[in-house]
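> Questions regarding the structure given below will be posed in turn.
The values are calculated or read from the model by the stated rules, or taken from the named source; none is laboratory data. Model, not experiment: these values are computed from the prediction. Positions of Cβ are generated from backbone atoms using ideal geometry, with glycine treated the same way; all protein chains shown enter the neighbour counts.
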Amino acid sequence: MMMKNLTRYFKSIRLLAILLLLQTVCRAQSPAQNAPQLGKATVKQVIAAMTLEEKAKLLVGAGRGFGPPPPPPVPGKKDSAAKPAAPAGPMIGQTDQKVPGAAGVTYAIPRLGIPAIVVSDGPAGVRISPIRKGDSSKTYYATAFPVGTLLASSWDVDLVKQVGVTFGNEVREYGIDILLGPGMNIHRNPLGGRNFEYYSEDPLVTGKMAAAIVQGIQSNGVGTSIKHYTANNQETHRNTVNTIVSERAMREIYLRGFEIAVKDAQPWTVMTSYNKLNGTYTSERADLVTNILRNEWGFKGFVMTDWGGGRDPIAQMKAGNDLIMPGNPNQAKAIIDAVNSKQLDESVLNANVEHMLNIILKSPAVANYKYSDAPDLKKDAQVSRMAAAQGMVLLKNSGSALPFSGIKKVALFGNTGYDIIAGGTGSGNVNKAYTTSLAQGLQNAGLQVDDALLKAYPAYIAAERAKQPKPQRGMAMFMGPPPVPQMAIADADLQQDAANNDIAVITIGRNAGEGADRKLPDDYYLSDAEKALIKNVSEAFHAKGKKVVVVLNIGGVIEVASWRDGVDAILLAWQPGLEAGNAITDVLSGAVNPSGKLATTFTMDYKDVPSAKNFPGKEYPDQATGEGFRRQMPAEVTYEDGIYVGYRYYSTFKVDPAYEFGYGLSYTTFNYSNFKLSAPVFKGKLTASVTITNSGKVAGKEVGQLYLSAPAAKLDKPVIELKGFAKTRLLQPGESQTLSFTIDARALASYDTAQEAWVAEAGNYTASIGASSKDIKQTAAFKLAKEMVVEKDEQALAPQVAISELKSK
Ligand code: BGC
């Protein structure tokens, strides 16, 4: 009995102990359980519950050194941050967390319901690893869409939006929250290594294209990051270069596209650039990141650095560059220390955190979206093909060489006919499952490609590639293999090719990407072997009364004037994405009538380019630091060309280009009529309209371009500036469409730095409707009675002293 009682006694003691323990555990856990959760509590409540460490870590990406998100911190116990080396030099994002191969992730705070969000490149398609460790059952390829330069050449915002809708679905279905694109820097100079990622030399085309793709992508409930904000127009010394630009050129040229994209499409994020602007890194400039972007333009998302961009995390926080990517613990520690030592007010962090949480709140990650990892790549490839054909530009077509008529056998010359370039390298590259070569595309359309060439080229290319050195560590890994020189073809073989085939098609290919600008020899200019190929093929085929077509498979402008007279037709195919060969064939065969127009000028020669004198600027080797690919060289570039970029320069200073801005041929012809304005005097707004009629024999589309010439009594001005554009639907022969354009006050205004305002001068204006910047069809005049201050801004971006001037003092 006694034993029984004792056992009962001990049992109840044990029960009591368990109960007590449970209570203690529950009490200990209750603060976490009661912590406000993102999505349930307000953002302000979540911020109020965050520790300083949590704020700092959220504002610094979960980058390479952080590893997987740690368990929730124990309240009251300070985190001991590990100290991996700070990232050095240029880099392209690559993480193994969550979505392998994506560019980066943010820091998760599970106790507050804040998930990590995944960000991924890039502008022409999702860049993730196609193959995953320990997962051999599946691949993760993505669609390579045509590059930005091609999309812009379509001048078709509806088309670009449609590409965005398709693209954004792949972003979402691969578990990505924010796409790191579009790239939208201005084509200041043809040698810019990343020009293929960008749209145009003109800010209106740039802004409208960016807005369209942002709207399309974001319609899927995922975000974008318009980049690189701003004046990042070269790759040479991109991490150190100090870009010196006037405020007027910034406002009218380098900021304008971003302004349009922000106002029209509200991208979730903006990525600041690597370069300095007028002496300070862009990510550390409050005037750029907060005053202009947020206060003047009404940007509502968050701002992130480019990968490893800028130097001073405290300055970045103060400027309003909310997120530092890819992030390392030293940056988080520096932020925490700065708050503790009162150099940085915690309210700055609160504001930055709020910007981030507002966006995270909208992300698929917060909704725990169950992505499929299986977008419909077949369907998407067809969108890519369709868009590619719409942005190709027919530069020359003598004697109606194109479209193919009565052609059965094609002699296909040039390496890239067999090894086509779908897109550029670096973070703009896409891991696609395949690329359709032009040889394949022609055959898919039932054409016969010369058999001897079909065998010889791939064998030659493989042999040449085998001789190339293995890619080295660092940026070189991302830059792709060097080009294979053109194969020399014996004269006797050429004679046979000309006898056996109906037409010659020669491809000229160029590739480039982040980390380096292009060169003049063998890149901007054709190599000797390429010139010889064009000359020899043309002579052999012309001797037999057969035509020669050149297909340019390039990402940026090349020299054309010295060789174009020797060939019958030139199709600028750009880098058209994974369906390249099919899309080019669509245009060559006439299945698609080309309707692309140049969004960037092809000059007669490089020396005609206004920035040629100061590109890529000066370097200061005596001040260089680091070794190998970590070597950092102070450098500076002065934009002496000011607002006179692209056609603004060529038209004003009467420099005749080879193919002007806005130029592009069609297989049909168009007639412009009835160009008129809604009123002869400007009172806040005007409408311009024009009727375009297909006056030829096949269906086609035309791009109407509205240019304005403004009085230049107070400020100097380009003779014409593009203020609107629109593309017709597919017009059947004889069919017409009326296009209309709105001219608002801002379209009349230039930036007057003395007044810090957009000012429209009083006087006579001319509106012109053109098929290109030179081919003006009709004009109409209107008046502005009194000078108008359209918008008053705060002073910003004051140029600082250049390194060169400092040295001479
Ligand atoms: C590039 C960015 C890119 C980032 C992440 C950087 O090197 O400049 O455009 O988004 O890497 O990969």
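> Could you tell me which residue of the stretch 394-421 is surrounded by the most Cβ atoms within 10 Å (Cβ to Cβ), considering only residues that are in a loop (DSSP other than H, G, I, E, B) and charged (D, E, K, R)? Spell out how you get there, then give the answer.
First, pick out the residues of the stretch 394-421 that are in a loop (DSSP other than H, G, I, E, B): 401-408, 414, 418-421.
Narrowing the set further to residues that are charged (D, E, K, R) leaves 408, 419.
Numbers: Lys408: 11, Asp419: 21.
The qualifying residue surrounded by the most Cβ atoms within 10 Å (Cβ to Cβ) is Asp419.
> Among the residues of the stretch 126-149, write down those that are away from the ligand (no atom under 13 Å from the Cβ) and surrounded by 24 or more Cβ atoms within 10 Å (Cβ to Cβ).
Listed by number, the residues that qualify are Ala142, Thr143, Ala144, Phe145, Pro146, Val147, Thr149.
> Can we say Met356 is in contact (Cβ under 8 Å) with a residue 24 or more places away in the chain, closer than 23 Å to Gly113 by Cβ and within 16 Å of the ligand (Cβ to nearest atom)?
It is false that Met356 is in contact (Cβ under 8 Å) with a residue 24 or more places away in the chain, closer than 23 Å to Gly113 by Cβ and within 16 Å of the ligand (Cβ to nearest atom).
> Tally time: how many residues in the stretch 765-791 are closer than 17 Å to Ser678 by Cβ and either in contact with a Lys or Arg (Cβ under 9 Å, 6 or more places away or on another chain) or of a type outside the set (D, E, K, R) (or both)?
Residues that pass the stated criteria total 12.
> Taking the conditions exactly as written (at pLDDT 50 or above, surrounded by fewer than 19 Cβ atoms within 10 Å (Cβ to Cβ) and assigned to a loop (DSSP other than H, G, I, E, B)), does Gln97 satisfy them or not?
yes
> Please indicate, with yes or no, whether at least one residue in the stretch 548-571 is surrounded by 24 or more Cβ atoms within 10 Å (Cβ to Cβ) and farther than 26 Å from Glu660 by Cβ.
Checked against the condition, which is being surrounded by 24 or more Cβ atoms within 10 Å (Cβ to Cβ) and farther than 26 Å from Glu660 by Cβ, the stretch 548-571 yields no hits at all.
> Name the pairs: first residue in the stretch 205-227 and of a type in the set (D, E, K, R), second residue part of a helix (DSSP H, G or I) and away from the ligand (no atom under 15 Å from the Cβ), Cβ to Cβ under 7 Å, at least 6 apart or on different chains?
Listed pairs, sorted by first residue: Lys208/Val157; Lys208/Ile260.
> Exactly one condition in (1) more than 18 Å from Arg729 (Cα to Cα); (2) touching a helix residue (DSSP H, G or I) at 6+ places or on another chain (Cβ under 8 Å) is false for Gly664; which is it?
For Gly664, the failing item is (1).
> Turning to a different aspect of this structure: Scanning for something within 30 Å of Pro364 (Cβ to Cβ), more than 14 Å from the ligand (Cβ to nearest atom) and of a type in the set (Gly, Ala, Ser), does the stretch 178-193 turn up at least one residue? Walk me through it before giving the result.
Within the stretch 178-193, the subset within 30 Å of Pro364 (Cβ to Cβ) is 178-185.
Then drop every residue that is not more than 14 Å from the ligand (Cβ to nearest atom), which leaves none.
No.
> Consider the stretch 307-321. How many of its residues are touching a residue at least 60 places away in the same chain (Cβ under 8 Å) and either of a type in the set (Lys, Arg) or within 16 Å of the ligand (Cβ to nearest atom) (or both)?
The total comes to 3.
> For the stretch 196-205, give me each residue that is within 16 Å of the ligand (Cβ to nearest atom) and under 18 Å from Tyr663 (Cβ atoms).
Result: Tyr199, single match.
> What are the residue pairs meeting all of these: first residue in the stretch 544-561, first residue over 23 Å from Gly423 (Cβ atoms), second residue modelled with pLDDT of 95 or more and of a type in the set (Ser, Thr, Tyr), Cβ atoms under 7 Å, and 6 or more apart or on different chains?
Val548/Ser538
> Residues to consider are Ile186, Ile117, Ile131; find the one that is closer than 30 Å to Gly39 by Cα and of a type in the set (Val, Ile, Thr).
Ile117
> Name the residues in the stretch 100-123 that are among the hydrophobic types (A, V, I, L, M, F, W, C) and either more than 12 Å from the ligand (Cβ to nearest atom) or not in a loop (DSSP other than H, G, I, E, B) (or both), would you?
Within the stretch 100-123, Val105, Ala108, Ile109, Leu112, Ile114, Ala116, Ile117, Val118, Val119 meet the criteria.
> Being exposed (fewer than 13 other Cβ atoms within 10 Å of the Cβ) and of a type in the set (D, E, K, R): is that true of Asp451 here? Lay out the reasoning, then the answer.
Details: exposed (fewer than 13 other Cβ atoms within 10 Å of the Cβ): yes; of a type in the set (D, E, K, R): yes.
Against the criterion (exposed (fewer than 13 other Cβ atoms within 10 Å of the Cβ) and of a type in the set (D, E, K, R)), Asp451 qualifies.
> Then there's this: Among the residues of the stretch 237-288 satisfying the criterion of being within 14 Å of the ligand (Cβ to nearest atom) and small (Gly, Ala, Ser), which is farthest from Arg518 (Cα to Cα)?
Here the residue is Ser283.
> Can you go through Ser273, Ser283 and tell me which one is touching a Gly at 6+ places or on another chain (Cβ under 6 Å), buried (at least 24 other Cβ atoms within 10 Å of the Cβ) and among the small types (Gly, Ala, Ser)?
After applying the criteria, what remains is Ser283.
> Tell me, which residue of the stretch 285-308 that is aromatic (Phe, Trp, Tyr) and in a loop (DSSP other than H, G, I, E, B) is nearest to the chain's Cα centre (by Cα)?
Selected residue: Trp307.
> Having 1 or more residues that are among the hydrophobic types (A, V, I, L, M, F, W, C) is the bar; report the strands (runs of 3 or more DSSP E) wholly within the stretch 709-789 that clear it.
Hits in the stretch 709-789: 721-727, 736-744, 757-760, 763-770, 776-784.
> Name the residue that is farthest from Asn511 (Cα to Cα), counting only residues in the stretch 150-177 that are within 16 Å of the ligand (Cβ to nearest atom) and more than 17 Å from the chain's Cα centre (by Cα). Walk me through how you get there before you give the answer.
So in the stretch 150-177, the residues within 16 Å of the ligand (Cβ to nearest atom) come out as 167, 171, 174, 176-177.
When the remaining residues are screened for being more than 17 Å from the chain's Cα centre (by Cα), the result is 174, 176-177.
Numbers: Tyr174: 27, Ile176: 28, Asp177: 29 Å.
Applying the filter and picking the extreme gives Asp177.
> Go over the candidates Lys333, Lys342, Lys300 one by one and state the one that is surrounded by fewer than 23 Cβ atoms within 10 Å (Cβ to Cβ) and either within 27 Å of Gly428 (Cα to Cα) or within 16 Å of the ligand (Cβ to nearest atom) (or both).
Lys300
> For the stretch 425-437, which residues satisfy the criterion of being within 16 Å of the ligand (Cβ to nearest atom) and either assigned to a loop (DSSP other than H, G, I, E, B) or among the aromatic types (Phe, Trp, Tyr) (or both)?
Taking the stretch 425-437 as the starting set, the residues that turn out to be within 16 Å of the ligand (Cβ to nearest atom) are 425-431.
Across the stretch 425-437, the qualifying residues are Asn429, Val430, Asn431.
> Which numbered condition trips up Lys597, out of (1) in contact with a helix residue (DSSP H, G or I) (Cβ under 8 Å, 6 or more places away or on another chain); (2) under 24 Å from Ala249 (Cβ atoms); (3) basic (Lys, Arg)?
Evaluating Lys597 over (1) in contact with a helix residue (DSSP H, G or I) (Cβ under 8 Å, 6 or more places away or on another chain); (2) under 24 Å from Ala249 (Cβ atoms); (3) basic (Lys, Arg) leaves (2) as the failure.
> Could you pull out the residue among Leu19, Leu52 that is at pLDDT below 95 and of a type outside the set (Val, Ile, Thr)?
Working: Leu52 fails: at pLDDT below 95.
Only one candidate qualifies: Leu19.
> Further question: Within the stretch 335-347, is there a residue that is closer than 18 Å to Lys57 by Cβ, among the small types (Gly, Ala, Ser), in contact (Cβ under 8 Å) with a residue 12 or more places away in the chain and in a helix (DSSP H, G or I)?
Yes, the stretch 335-347 has at least one match.
> A follow-up question, please. Before we move on, is Gly424 closer than 17 Å to Arg510 by Cα and crowded, with 20+ Cβ neighbours inside 10 Å?
Yes: the conditions hold for Gly424.
> On to the next question. Could you check the stretch 105-128 and list, in sequence order, the residues that are of a type outside the set (Val, Ile, Thr) and within 12 Å of Ser427 (Cα to Cα)?
Matches in the stretch 105-128: Ser120, Asp121, Gly122, Pro123, Ala124, Gly125, Arg127.
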